[in-house]
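Asker: One structure is given below, represented as structure tokens, and several questions about it will come after.
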Amino acid sequence: MYRITRHLFWYFCRFFFRFYCPLKAYGKHHLPEGSFLICSNHSSHADTAALVIASGLSLHRFAMLAAQDYFFNHWFKSLLLQSLMCLVRVSREAKLSEMKNVMKQCKKISAKHPTTFIMYPEGTRTKTGKVGSFKRGSIWLAHKLNIPIVPAYINGTFDSLPKGKLWPRPTPITVKFGQPLTITLDKHNSSKQITELSRQLQQLVIDLKENDHENN
């Protein structure tokens, strides 16, 4: 049942991003063949669908890290959303035990097939359209899973479907993918490195916003 529902929904998304909010994707050649983590700015509930469609990759290989207190706070919402996409429960609390649980979920999924995880390091949707501070979890997770991070910037979803709005406005959407970032940590100084890499990742996403990319 999930398979049928997901395919119907993503056919709708393809139509949506072709005709209603026409989408252009840049930098697809940066996407690795194996498992990897996409880290993007977060402006709208349309962001995940935009990233999936822009990537040109098969839907079955995607999994989104979703806030437990928002996406799993009601059984019907949880059931509906999981029928549309593979979700990984994430607590907003920065506890090591919680992150270890996320890592276990991700390892279980990626053991079946190469997986593209989607994570929004800001932790919530922006209210201003500007890129907020990145939390440290994405760096830790990529290191533990031994996968690269692909920075991405999404433009247009804030204008189309900002936080608090229920229906999107027709707006052109642009998605830019950057070069993969390989995470290597020194176990004796990992905390400081994670903080520095989080800032570096945030800047890479901002740079994608400011720089032009060749279409691929």
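Asker: Of all the residues that make up the range 138-165, how many are open to solvent by less than 10 Å² (accessible area, probe 1.4 Å) and among the polar types (S, T, N, Q)?
Answerer: 3
Asker: Answer yes or no as to whether Met85 is over 25 Å from Ala46 (Cβ atoms), at pLDDT below 95 and surrounded by 15 or more Cβ atoms within 10 Å (Cβ to Cβ).
Answerer: In short, no.
Asker: Can you name every residue in the range 132-162 that is part of a loop (DSSP other than H, G, I, E, B) and closer than 27 Å to Phe19 by Cα?
Answerer: Pass one, the range 132-162, residues part of a loop (DSSP other than H, G, I, E, B): 132-136, 146-148, 156, 161-162.
Result: Gly156, Leu161, Pro162.
Asker: Moving to a separate point now. Test of understanding: among His7, His29, which residue is touching a residue at least 60 places away in the same chain (Cβ under 8 Å) and not in a loop (DSSP other than H, G, I, E, B)? Even if it seems obvious, please write down each step before you answer.
Answerer: On the way: His7 fails: touching a residue at least 60 places away in the same chain (Cβ under 8 Å).
Checking each option against the conditions leaves just His29.
Asker: Residue under question is Val102, and the condition is that it be of a type outside the set (Gly, Ala, Ser) and within 24 Å of Cys21 (Cα to Cα); does it hold? Walk me through how you get there before you give the answer.
Answerer: Values: of a type outside the set (Gly, Ala, Ser): yes; within 24 Å of Cys21 (Cα to Cα): no.
Answer is no for this residue.
Asker: When you look at Phe17, is it closer than 19 Å to Trp167 by Cβ, among the hydrophobic types (A, V, I, L, M, F, W, C) and at pLDDT 95 or above, yes or no? Spell out how you get there, then give the answer.
Answerer: Numbers: closer than 19 Å to Trp167 by Cβ: yes; among the hydrophobic types (A, V, I, L, M, F, W, C): yes; at pLDDT 95 or above: yes.
Against the criterion (closer than 19 Å to Trp167 by Cβ, among the hydrophobic types (A, V, I, L, M, F, W, C) and at pLDDT 95 or above), Phe17 qualifies.
Asker: Of the residues in the range 163-178, how many are outside any strand (DSSP E or B) and at pLDDT 95 or above? Spell out how you get there, then give the answer.
Answerer: First, pick out the residues of the range 163-178 that are outside any strand (DSSP E or B): 163-172, 178.
Going one step further and asking which of them are at pLDDT 95 or above, we end up with 168-172, 178.
Number satisfying all stated conditions: 6.
One line per residue, one yes/no per condition, for (1) in a loop (DSSP other than H, G, I, E, B); (2) surrounded by fewer than 17 Cβ atoms within 10 Å (Cβ to Cβ); (3) of a type in the set (D, E, K, R):
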{"residue": "Glu33", "(1), (2), (3)": "yes, yes, yes"}
{"residue": "Ile38", "(1), (2), (3)": "no, no, no"}
{"residue": "Thr48", "(1), (2), (3)": "no, no, no"}
{"residue": "Leu65", "(1), (2), (3)": "no, no, no"}
{"residue": "Arg89", "(1), (2), (3)": "no, yes, yes"}
{"residue": "Lys112", "(1), (2), (3)": "yes, yes, yes"}
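The values are calculated or read from the model by the stated rules, or taken from the named source; none is laboratory data. All values reported here derive from a predicted model rather than from experimental measurement. Don't worry about glycine lacking a Cβ; one is built from the backbone with ideal geometry, like all the others, and counts go over all protein chains shown. Remember, those area values only see protein heavy atoms, side chains included, never the ligands or the DNA or RNA. Shrake-Rupley method; radii C 1.70, N 1.55, O 1.52, S 1.80 Å.
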